[in-house]
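Written out below as structure tokens is the structure these notes cover.
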Amino acid sequence: MSQKSPKKSSNYGTDVSFADVSLNQADKDAFSNWMSGVKEDYEDWLEAAINDSYRISFKFDYNNNCVSCVFTQQDNKHVNSGLVIISRSDNPVEAFWLTVYKVWVLFEGQRLPVREDSASWG
């Protein structure tokens with residue numbers, strides 16, 4: 001009788017978490033100021049995100065009547081491994097910039113928090 005080798009699991013099994021980072025109205029000015037300095041570099045930032053192993057997708061979000069930009073990270077050695085990072089806006093380019101801002105400005109070099117991480121207070 002031959003032994004079956006264990007089925008190789010995908011990087012997205014039960015270990016997927018959604019990042020819990022939402023910008024509020026008070027953050028809007030800081031984000032807008034930052035975006036105004038980088039918006040001409042869209043292609044460079046897109047390439048940087050892809051080179052950092054992020055999968056990027058855009059979709060119209062019917063529930064919220066907006067566009068979502070989603071970064072997912074499947075590199076097990078990456079600080080944001082297993083995270084789904086979602087940003088929403090009324091246009092896809094701004095949704096992309098919001099996601100970049102969360103990853104490379106608000107939490108540069110750090111794992112983005114998930115709901116379980118921030119549920120103990122506030």
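The slack in the chain from Trp45 to Arg111, taken as 0.36 nm per residue of separation less the alpha-carbon distance, amounts to 21.9 nm.
Both radii were evaluated on the Cα set of region 32-104; the Rg over Rh quotient, with Rh as the Kirkwood radius, amounts to 0.97.
Listed by chain and number, the aspartates and glutamates whose alpha-carbon sits under 14 Å from that of Lys59, ignoring those within fewer than 8 places in the same chain, are Asp90, Glu94. A simple rule links phi to the HN-Hα coupling: the Karplus curve 6.51 cos²θ - 1.76 cosθ + 1.60 with θ = phi - 60°, which for region 83-89 gives 9, 10, 10, 10, 10, 10, 7 Hz, with x for Gly and Pro.
Close amide-amide hydrogen proximity is noted between Asp20 and Val114, Arg115, each under 5 Å apart and 5 or more residues distant or on a separate chain (H modeled in the peptide plane; Pro and chain starts excluded).
Any read-out appearing in this document is the output of simple, stated calculations on the displayed coordinates, not a laboratory observation. Everything numeric in this text was worked out from a predicted model, so none of it was measured.
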